[in-house]
Each structure stands twice: as structure tokens, then as C-alpha cells.
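Report on the following structure.
The values are calculated or read from the model by the stated rules, or taken from the named source; none is laboratory data. Just so it is clear, the structure is predicted and the values come from calculations on it, not from any experiment. Cβ: placed from backbone, ideal geometry, glycine included. Neighbour counts: every protein chain shown.
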């Protein structure tokens, strides 16, 4: 795993105003485990990494790799995508229809 993982995790946690204990509870571990991840002493297992990536709206690559974390806009898009997937098929179609209408209006030539 990247040597940048500990600092990325710490930065993402702080951006969400979470304590190590709070993050640990969400991942099913204690605060001391999060501390060890953030100091590079240990690394979380794959299942926990997936939870962390989902929680922070990151890909595993951006959380663990050498690339820069995605900007806030990408985090928002990831959040919206997860929410969209939780809708029923009918709700998804309704939302898409509304979105198409809004885009058509927003990008139509002014008369």
C-alpha cells in the first residue's frame, strides 16, 4: 500500500470532523486501530478498506494509491451515485426524466 495512505486517511477523517474512535466504530474496530492506520504501523484489511472508500466517497485507488484524492466535486458525484443506486427502478426513471428536463431547459438557446 502507498505510504500516502496514512496521511490521506487522517485528512479525510478530519475533513468529516470525525474522531478516530468514531471512524473506528463505523468500521467495526476501535480508535486505537485507526490510530495505527494513520501512523502507518498497520493497514486495514480489504473489507475495511472498501468501507473506508465508500464512507469517504473515494475509490480504492485514490484512497490507497499514489494519485491525488479526487476533488470535492468527484466526492459529491460518488455520493449521488450511491444514493441513486438505492432508489427503485421507478424512482430512478423519474429522477432521470426530471434531470433531462432541467438540462434541456438550462442549456437551451435563449430566445
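Quick look at the numbers
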| read-out | value |
| --- | --- |
| Of residues in segment 59-91 being at pLDDT 90 or above and part of a loop (DSSP other than H, G, I, E, B), the one farthest from residue 43 (Cα to Cα) | 88 |
| Residue selected from segment 23-37 under the condition part of a loop (DSSP other than H, G, I, E, B) and out of contact with any helix residue (DSSP H, G or I) (no Cβ under 6 Å at 6 or more places or on another chain), by the criterion nearest to residue 54 (Cα to Cα) | 28 |
| Which listed residue, of 48, 101, 42, 94, is in a loop (DSSP other than H, G, I, E, B) and either loosely packed, with under 12 Cβ neighbours inside 10 Å or out of contact with any strand residue (DSSP E or B) (no Cβ under 6 Å at 6 or more places or on another chain) (or both) | 42 |
